[in-house]
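Starting off with a structure, shown below.
Read-outs throughout are calculated quantities, based only on the coordinates presented, and are distinct from any laboratory measurement. Note that the structure is predicted; figures quoted are calculated from it, not measured. Virtual Cβ from ideal backbone geometry, glycine too; neighbours counted across all protein chains shown.
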Amino acid sequence: QVQLVESGGGLVQTGGSLRLSCAASGSIFSLYTMGWYRQAPGKQRELVAQISSGGSTNYADSVKGRFTISRDNAKNTVYLQMNSLKPEDTAVYYCRTVLIGYDYWGQGTQVTVSS
């Protein structure tokens with residue numbers, strides 16, 4: 001069983017920054033591939049960024065150059081640094097991991113970017 005708890009969301013103006021955190025339970029966090037996803041009202045949930053156990057990253061085209069995913073294995077935490085935020089980044093952001101065929105999601109944190 002893995003528990004994921006996101007934090008760091010909020011209201012920010014266009015061009016602003018936020019850092020999201022996702023704290024994970026489990027003694028083998030360093031082996032998890034972690035992902036940040038988001039879901040805007042009326043839209044499907046989409047992958048924003050992902051980081052492997054070895055630190056390899058990939059990003060959605062819409063956030064490349066603005067968002068950075070990172071991890072601190074000593075703290076069992078993955079981060080999403082979001083810069084140059086746009087109104088279209090408004091969504092609920094979730095972290096996710098898949099471990100031994102089980103799909104784990106956090107409860108989500110709301111990010112709202114005002115124009």
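Going Cα to Cα from K64, which lysines come in below 21 Å? Please leave out same-chain ones fewer than 8 positions away.
Reachable lysines: K43, K86.
Another question about this same structure. What list of ³J(HN,Hα) values in whole Hz, one per residue of segment 100-115 in order, does the Karplus curve 6.51 cos²θ - 1.76 cosθ + 1.60 (θ = phi - 60°) give from phi, with Gly and Pro shown as x?
Result, rounded to whole Hz: 6, x, 9, 9, 10, 10, x, 7, x, 9, 7, 10, 10, 10, 8, 8.
Right, here's the next one. Short version: ³J(HN,Hα) in whole Hz for each residue of segment 20-32, in order, from phi by Karplus 6.51 cos²θ - 1.76 cosθ + 1.60 (θ = phi - 60°), x for Gly and Pro, what are they?
Residue by residue, segment 20-32 yields 8, 10, 9, 8, 10, 8, x, 8, 10, 3, 4, 8, 7 Hz.
Could you grab the relative contact order for the chain? Cα pairs under 8 Å, six or more apart, rounded to a whole percent. If you can, show how the numbers build up before the last one.
Details: 275 pairs, mean separation 41.5, N = 115.
Reported relative contact order: 36 percent.
Next question. For every other residue with a beta carbon closer than 15 angstrom to the beta carbon of K75, add +1 if it is Lys or Arg and -1 if Asp or Glu, then tell me the sum.
In short, 0.
With Cβ to Cβ distances under 10 Å as the rule, what net charge do the other residues near D89 carry (K, R +1; D, E -1)?
Net of charged neighbours comes to +2.
Return the long-range amide H neighbours of T90 (sequence gap of 5 or more, or a different chain), with a cut-off of under 5 Å between placed amide H atoms.
Close amide H contacts, sequence-distant or interchain: V113.
Trypsin sites (Lys or Arg not before Pro), restricted to segment 55-115: which are DSSP loop and have at most 15 other Cβ atoms within 10 Å?
Loop-located and lightly packed - K64, R66.
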